[in-house]
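Novice: One structure is given below, represented as structure tokens, and several questions about it will come after.
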Amino acid sequence: MITLKNVILRRSAKKLLDGATVTINPGEKVGLVGRNGAGKSTLFALFNGSLHEDGGDFYVPKQWRMAQVAQDMPETEESATDFVVGGDTRLTELRTTLAAIEAAYAENPDDADIGMELAHAYTDLADAGEHDAVPRAQALILGLGFKSHELDGPVNSFSGGWRMRLQLARALMCPSDLLLLDEPTNHLDLDALVWLEAWLQKYAGTMIVISHDREFLDAVTDVTLHIANAQLTRYGGNYSKFEDMRALQMEQQQVAFSKQQDKIAHLQKFIDRFKAKASKAKQAQSRVKALERMERVAPLLAEADFTFEFKEPGNIPNPMLSIANASFGYEIEDEAPKTILRGVSRSVLAGQRIGILGANGQGKSTLVKTIAREMGALAGEVTEGKGLNIGYFAQQELDVLRPQDNPLEHMVRMARELGSAVKESTGEQALRGFLGSFNFSGDMVKQPVGTMSGGEKARLVLAMMVWQRPNLLLLDEPTNHLDLATREALAVALNEFEGTLMLVSHDRALLRSVCDEFWLVGRGVVADFDGDLDDYQRYLLDEAKRLREEAKIAVREAESAMAAAAAAATAAKPSAQERQQRSDQAKPIKREIAQIDERLAAAGVERAALEARLGEPIAPAELADAGKRLKALNEEIAKLEERWLALSDQLEALAA
Ligand SMILES: Nc1ncnc2c1ncn2[C@@H]1O[C@H](COP(=O)(O)OP(=O)(O)OP(=O)(O)O)[C@@H](O)[C@H]1O
Ligand SMILES: [Mg+2]
């Protein structure tokens with residue numbers, strides 16, 4: 001059970017929690033919700049012990065094992081599978097322990113204590129699921145949308161979004177009593193999202209998940225914690241129930257508040273009227289007391305609403321841009337370039353509002369990045385209209401912010417770099433005012449960006465983009481991190497934007513409300529998509545089916561190719577003499593294989609018996625012997641298996 005009693009939590013001058021009292025029971029699936037910057041991630045820092053309460057009591061059982069998704073981008077040459085296996089912290093610890101004991105044992109093979117430790121280390125490792133760690137990790141990786149040929153790819157070779165998925169898989173790999181997930185759906189597409197929902201529904205421990213995605217929360221949570229105005233409130237229900245309950249509560253509070261206000265006014269009138277009269281003074285006095293004693297119903301604090309708008313772009317070229325017979329993709333050193341999209345010929349006209357659709361990995365971001373000049377086209381032409389001014393928002397854009405610098409410094413630098421290209425006032429006061437219109441208050445304009453919440457950073461990137469007065473907006477997943485109200489504000493602003501819009505998003509509500517035509521990126525080309533988003537949903541399902549079919553066909557083709565090869569081999573029959581020769585050569589090999597099989601079977605039986613014995617209470621000396629024996633046996637088995645493989649290769653070569 002996790003309990004908070006009157007907990008106070010601060011971040012510099014900000015009081016994020018003021019007297020929070022809440023209980024979370026074991027096994028509960030909790031959604032933690034609230035506006036950007038409300039303090040959700042900070043509360044996670046309290047849960048995982050990296051931050052301490054500034055007042056009150058916080059308790060989480062010491063023996064609970066915690067798993068959470070690391071927020072940083074992994075940088076390693078390790079393979080995806082190894083990286084995810086590494087998330088099983090218990091296994092990793094046990095492996096390190098074993099290595100240390102093995103080293104000690106190598107130096108002192110006769111030390112009974114070390115022998116015993118070694119034996120224990122082996123059984124602990126087996127108990128921790130050493131034998132199926134790799135398949136467990138790979139099931140997670142594949143579930144999150146990776147292809148099977150990517151399992152051994154180095155982590156560094158994946159794009160940012162995919163690396164964050166590996167980070168998620170790593171957390172799920174860790175056996176835990178408490179699972180903390182901070183916006184786990186940000187980097188997922190629909191397929192992976194559905195898979196994650198199913199996985200979490202089966203998770204047996206206590207889970208707390210932060211998310212701004214209503215449907216996801218409804219699918220995986222049954223309790224909601226809401227942070228607002230430094231208050232933490234628990235609601236028994238998923239997100240939709242929470243919204244209903246909160247609406248009702250607010251309504252009731254509003255009614256109670258107005259009733260009380262009436263009563264206060266009434267008392268006050270009485271006091272004012274009678275305090276002048278000596279005969280009534282006493283009554284007036286008691287009313288004054290009543291008024292003082294009255295427990296006030298708080299007025300409703302409406303959560304600060306936030307709206308913004310894109311400025312009218314100065315001039316709008318038409319066409320904005322035209323692409324002629326171009327290929328898009330990646331240059332790879334010393335290799336042929338990897339073409340993702342080919343034969344792309346399209347123009348983008350002033351005022352078009354294009355939603356870019358396509359399954360994950362089909363090249364949506366490649367298209368957008370090339371248009372944004374982040375990378376060049378492999379072939380063909382991309383011609384820009386005169387005066388084209390692109391506002392590009394990419395997921396990685398958040399990393400482009402400088403953690404040490406504050407929002408004002410970011411704005412000042414940008415203003416200086418763009419100079420007179422943007423006809424905006426660049427004085428500090430003007431920039432402050434501009435930031436204020438994006439809800440960056442007086443204090444926040446000086447707060448280092450590195451300490452800001454995810455949503456606040458995204459809002460800053462958005463603000464910087466708006467300031468540049470673009471006439472073509474290229475938005476690649478702009479709603480990740482944004483809370484529901486800010487998404488709403490973005491949708492409104494995009495709807496009023498007079499320039500051209502190209503939008504990649506998994507947020508179907510946003511696509512529906514701001515785009516009026518769609519491009520489909522898939523199967524190596526860019527095509528018009530004639531249909532609405534429901535058609536698109538069907539397309540995605542069909543596409544998934546097609547890919548599965550293709551995989552099946554590939555398997556079938558490989559099988560028939562193998563069968564053909566085998567048939568060809570039998571067709572080319574060797575002569576009787578050759579056959580005799582080969583069978584003579586094969587005999588000793590077969591004999592050795594049979595011997596190894598026998599020895600392997602016996603060793604396997606002995607190993608099983610030893611492992612069982614090690615699990616029971618036995619005398620230390622015997623335990624040490626058993627440990628040693630087990631190690632020797634494992635080594636022997638490994639050697640035998642290797643020899644067996646080599647022999648069967650020889651045999652196969654002879655048969656061919
Ligand atoms: N070290 C710090 N110094 C000053 N302010 C901080 C610091 N760390 C966090 N904050 C502020 O505390 C507030 C809460 O941040 P937190 O990351 O917990 O928000 P959140 O609820 O997770 O928001 P989001 O939905 O955007 O992720 C934010 O306004 C943030 O700017
Ligand atoms: Mg957060």
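Novice: Kindly provide the set of residues from region 23-66 that are closer than 16 Å to Gly205 by Cα, within 16 Å of ligand 2 (Cβ to nearest atom) and out of contact with any Phe, Trp or Tyr (no Cβ under 9 Å at 6 or more places or on another chain), ordered by number. First the steps, then the outcome.
Specialist: Filtering region 23-66 for residues closer than 16 Å to Gly205 by Cα gives 23-31, 47-48, 60-66.
After this cut, where a residue has to be within 16 Å of ligand 2 (Cβ to nearest atom) as well, the list is 30-31, 47-48.
Residues satisfying the conditions are Val30, Asn48.
Novice: Criterion first (modelled with pLDDT of 90 or more, assigned by TED's automatic domain parsing to the domain that holds Leu475 and either within 12 Å of ligand 1 (Cβ to nearest atom) or not in a helix (DSSP H, G or I) (or both)) does Glu456 satisfy it?
Specialist: For Glu456, the condition - modelled with pLDDT of 90 or more, assigned by TED's automatic domain parsing to the domain that holds Leu475 and either within 12 Å of ligand 1 (Cβ to nearest atom) or not in a helix (DSSP H, G or I) (or both) - is met.
Novice: Name the helices (runs of 4 or more DSSP H) wholly inside region 327-418 in which the number of residues that are closer than 30 Å to Gly145 by Cα and not small (Gly, Ala, Ser) is 2 or more.
Specialist: Output list reads 364-371, 397-400.
Novice: Still on this structure: May I ask you to say which residue of Ala20, Ala80, Ala67 is buried (at least 17 other Cβ atoms within 10 Å of the Cβ) and either within 16 Å of ligand 1 (Cβ to nearest atom) or at positive phi (or both)?
Specialist: When all the criteria are applied, what remains is Ala20.
Novice: Right, next: What pairs can you find where one residue is in region 205-222 and without any contact (Cβ under 8 Å) to a residue 40 or more places away in the chain, the other is within 16 Å of ligand 1 (Cβ to nearest atom), and their Cβ atoms are less than 7 Å apart, with a gap of 6+ or different chains?
Specialist: Hits for this filter: Asp213/Thr185; Phe216/Thr185; Asp218/Tyr239.
Novice: Every residue in region 89-147 that is outside any helix (DSSP H, G or I) and exposed (fewer than 15 other Cβ atoms within 10 Å of the Cβ), please.
Specialist: Step one: of region 89-147, the residues outside any helix (DSSP H, G or I) are 108-111, 128-129, 144-147.
Within region 89-147, Asn108, Pro109, Asp110, Asp111, Gly129, Lys147 meet the criteria.
Novice: Kindly indicate the residue of region 23-45 that is out of contact with any His (no Cβ under 8 Å at 6 or more places or on another chain) and of a type in the set (S, T, N, Q) and also farthest from ligand 1 (Cβ to nearest atom) among those meeting that condition.
Specialist: Asn25
Novice: Here's another thing I want to ask about it. Pick from region 172-200 the residues that are touching a residue at least 60 places away in the same chain (Cβ under 8 Å) and within 16 Å of ligand 2 (Cβ to nearest atom): which of them is farthest from Thr366 (Cα to Cα)?
Specialist: Leu180
Novice: Looking at Ala128, Ala133, Ala121, Ala112, which one is under 27 Å from Ala612 (Cα atoms), in contact with a Lys or Arg (Cβ under 7 Å, 6 or more places away or on another chain) and touching a residue at least 24 places away in the same chain (Cβ under 8 Å)?
Specialist: Ala128 is the lone residue from the list that is under 27 Å from Ala612 (Cα atoms), in contact with a Lys or Arg (Cβ under 7 Å, 6 or more places away or on another chain) and touching a residue at least 24 places away in the same chain (Cβ under 8 Å).
Novice: Hey, does region 633-651 have a residue that's modelled with pLDDT of 80 or more, part of a helix (DSSP H, G or I) and of a type in the set (Lys, Arg)? Show your work before the answer.
Specialist: From region 633-651, those modelled with pLDDT of 80 or more are 633-651; that's our starting set.
Within this subset, residues satisfying the condition of being part of a helix (DSSP H, G or I) are 633-651.
From the residues that got through so far, the ones that are of a type in the set (Lys, Arg) too are 639, 643.
Checked region 633-651: at least one residue is modelled with pLDDT of 80 or more, part of a helix (DSSP H, G or I) and of a type in the set (Lys, Arg).
Novice: I'd like to verify a number: residues in region 459-496 that are on the phi < 0 side of the Ramachandran plot, outside any helix (DSSP H, G or I) and charged (D, E, K, R), how many?
Specialist: 2
Novice: Looking only at strands (runs of 3 or more DSSP E) that lie completely in region 1-70, which have at least 3 residues being among the β-branched types (Val, Ile, Thr)? Explain how you work it out, then say what you get.
Specialist: Values: elements: 2-11, 14-24, 29-33, 55-59, 66-68.
Output list reads 2-11, 14-24.
Novice: Here are the criteria: (1) closer than 22 Å to Thr221 by Cα; (2) within 13 Å of ligand 2 (Cβ to nearest atom); (3) of a type in the set (A, V, I, L, M). Tell me which single one Ile2 does not satisfy.
Specialist: The one condition Ile2 does not meet is (2).
Novice: Could you list all residues from region 1-49 that are in contact with an Asp or Glu (Cβ under 9 Å, 6 or more places away or on another chain) and aromatic (Phe, Trp, Tyr)?
Specialist: Once the filter is applied, which keeps residues that are in contact with an Asp or Glu (Cβ under 9 Å, 6 or more places away or on another chain) and aromatic (Phe, Trp, Tyr), region 1-49 yields only Phe44.
Novice: Also: Going through region 420-450 one residue at a time, which ones are exposed (fewer than 13 other Cβ atoms within 10 Å of the Cβ), under 21 Å from Asp483 (Cα atoms) and polar (S, T, N, Q)?
Specialist: Scanning region 420-450 gives a single hit, Ser441.
Novice: Considering Ala415, Ala489, which residue is crowded, with 17+ Cβ neighbours inside 10 Å, touching a Ser or Thr at 6+ places or on another chain (Cβ under 6 Å), modelled with pLDDT under 90 and within 23 Å of Gln352 (Cα to Cα)?
Specialist: Numbers: Ala415 fails: within 23 Å of Gln352 (Cα to Cα).
Residue meeting the stated conditions: Ala489.
Novice: Got a sec? Which of Val449, Val412, Val492, Val461 is of a type in the set (A, V, I, L, M) and in contact with a Lys or Arg (Cβ under 9 Å, 6 or more places away or on another chain)?
Specialist: Selected residue: Val449, the only one of Val449, Val412, Val492, Val461 that is of a type in the set (A, V, I, L, M) and in contact with a Lys or Arg (Cβ under 9 Å, 6 or more places away or on another chain).
Novice: Might you let me know whether region 461-477 holds any residue that is closer than 20 Å to Glu215 by Cβ and within 15 Å of ligand 1 (Cβ to nearest atom)?
Specialist: no
Novice: Hey, among Lys311, Lys289, which residue is in a helix (DSSP H, G or I) and at pLDDT below 90?
Specialist: Only one candidate passes the filter, namely Lys289.
Novice: Here's a follow-up. Based on this model, can you work out whether Leu248 counts as surrounded by 15 or more Cβ atoms within 10 Å (Cβ to Cβ) and modelled with pLDDT of 80 or more?
Specialist: Values: surrounded by 15 or more Cβ atoms within 10 Å (Cβ to Cβ): no; modelled with pLDDT of 80 or more: yes.
Criteria not met by Leu248.
Novice: Are any residues in region 1-14 within 16 Å of ligand 1 (Cβ to nearest atom), under 14 Å from Leu46 (Cα atoms) and not aliphatic (A, V, I, L, M), and if so, which ones?
Specialist: Keep residues of region 1-14 that are within 16 Å of ligand 1 (Cβ to nearest atom), which gives 4, 7-14.
After this cut, where a residue has to be under 14 Å from Leu46 (Cα atoms) as well, the list is 4, 7-11.
Hits for region 1-14 are Arg10, Arg11.
Novice: Moving on to the next point. Suppose the filter is more than 30 Å from Asn108 (Cα to Cα), modelled with pLDDT of 80 or more, acidic (Asp, Glu) and over 49 Å from the mean Cα position of the chain (by Cα); does Asp584 pass it?
Specialist: Spelling it out, Asp584 is indeed more than 30 Å from Asn108 (Cα to Cα), modelled with pLDDT of 80 or more, acidic (Asp, Glu) and over 49 Å from the mean Cα position of the chain (by Cα).
Novice: Which numbered condition in (1) away from ligand 2 (no atom under 16 Å from the Cβ); (2) more than 22 Å from Arg402 (Cβ to Cβ) is the only one that Thr486 fails?
Specialist: Thr486 satisfies every listed condition except (1).
Novice: Which pairs turn up if I take residues in region 464-485 that are touching a residue at least 40 places away in the same chain (Cβ under 8 Å) and look for partners that are acidic (Asp, Glu) and within 16 Å of ligand 2 (Cβ to nearest atom) with beta carbon separation below 7 Å, at least 6 apart in sequence or on another chain?
Specialist: Every condition considered, the pairs that remain are His481/Glu183.
The values are calculated or read from the model by the stated rules, or taken from the named source; none is laboratory data. Small disclaimer: the values here were computed from a predicted structure and weren't measured. Positions of Cβ are generated from backbone atoms using ideal geometry, with glycine treated the same way; all protein chains shown enter the neighbour counts.
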